[in-house]
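For reference, the structure discussed in these notes is given below.
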Amino acid sequence: MRLLAALLSATLVCTAAAARAEEPDHAIHEELRGVLRAVVGAINAGDYDRMLPYLTENVEATSVTQEVMSSRADVSAYFKAWFGPAGYMKKMEMTLDADKLTELSPDKSWGLVRGKALEHYEAKDGDRFDFVTRWTAVLVRGDDGKWRLRAIHFGTNHLDNPVLTKVSRTLIRDGIVGAVVALLVGLAAGWWLGRRRRAAAAA
């Protein structure tokens, strides 16, 4: 059974490799995948400056919080402000999956791709949030022949996300607690007023 499983696994790997090798502009698409893997790997490792060589100097980026960045320095500052030692959050990990192959320009000097992502956040107070996001990116080939990220935009469903869910639950919980407290206060006040009336009547 182990031998059969190993053979099946090897067959699937070879089949996938062969399929990719047959895709048009395979070498270019492998480079583009490498850029995205390198950027995601740097983010997940918390080594944010490691991604900078894979971005153009004038990269344009919009985060899920809709903050905009227009340079490598902006990107570095954004991640350190949010996830550095003095940042708001403890860390973030993410996965990026493209919907389809990057659409290349006729001269194959740039490409457009979109996909989905899962962004996992951990707050310093222990809270954890998973955001399902959508992204669109443009990659360009520089004069040195290397592909880099020129622009990327992230968006999420602001009507259905974990932060909104937590806020809603908190409001419901606080409303229930408030109602119970109000009921107890009302009962206590009624008991106290009733006792005073009885005492006044007895006098």
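The values are calculated or read from the model by the stated rules, or taken from the named source; none is laboratory data. None of the values given here were measured: they were computed from a predicted structure. No Cβ is skipped: glycine too gets one built from the backbone with ideal geometry, and neighbour counts run over all protein chains shown. Note: accessible area is taken over every heavy atom of the protein model, side chains too, but ligands, DNA and RNA are not part of it. Shrake-Rupley method; radii C 1.70, N 1.55, O 1.52, S 1.80 Å.
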Q: Under a cut-off of 27 Å between alpha-carbon atoms, report the lysines in cross-link reach of LYS146, not counting same-chain residues fewer than 8 places apart.
A: LYS80, LYS100, LYS108, LYS116
Q: Could you provide, to the nearest whole Å², the per residue accessible area of the range 34-111 with probe 1.4 Å?
A: 53
**Q.** Student exercise, the range 30-140 dipole from Lys, Arg, Asp, Glu Cβ charges, in Debye to nearest 20
**A.** 120
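With an 8 Å cut-off on Cα pairs and a minimum separation of 6 or more residues, tell me the relative contact order of the range 44-167 in percent.
Normalised by residue count, the contact order of the range 44-167 is 23 percent.
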(Q) I need the phi-derived Karplus couplings for the range 71-86: 6.51 cos²θ - 1.76 cosθ + 1.60, θ = phi - 60°, integer Hz, Gly and Pro marked x. (A) 6, 4, 4, 5, 5, 4, 5, 4, 5, 6, 5, 8, 10, x, x, 9
Q. Can you list the HN-Hα couplings for the range 89-101, worked out from phi with the Karplus curve (6.51, -1.76, 1.60; θ = phi - 60°), rounded to whole Hz and with x for Gly and Pro?
A. 10, 6, 6, 9, 10, 8, 10, 10, 10, 6, 6, 7, 4
Q: Taking all protein chains together and a probe of 1.4 Å, list TRP147, TRP82 from the most accessible to the least accessible.
A: TRP82, TRP147
Q | Where HIS29, HIS120 fall by accessible area, highest first, once all protein chains stay in place (1.4 Å) | A | HIS120, HIS29
**Q.** Under 14 Å, Cβ to Cβ, from VAL75 - net charge with Lys/Arg +1 and Asp/Glu -1
**A.** -1
Q: Would you kindly find the accessible area of VAL35, with a 1.4 Å probe and non-protein molecules such as ligands, DNA and RNA excluded, rounding to the nearest 10 Å²?
A: 10
(Q) Suppose R0 equals 25 Å. What FRET efficiency, 1/(1 + (r/R0)^6) with r the Cβ-Cβ distance, do ALA81 and GLU57 give to the nearest 0.05? (A) 0.80
Q) So what are the ³J(HN,Hα) numbers for the range 145-154, from phi and the Karplus equation (6.51, -1.76, 1.60; θ = phi - 60°), rounded to whole Hz, Gly and Pro as x? A) x, 8, 8, 9, 7, 8, 7, 8, 10, 10
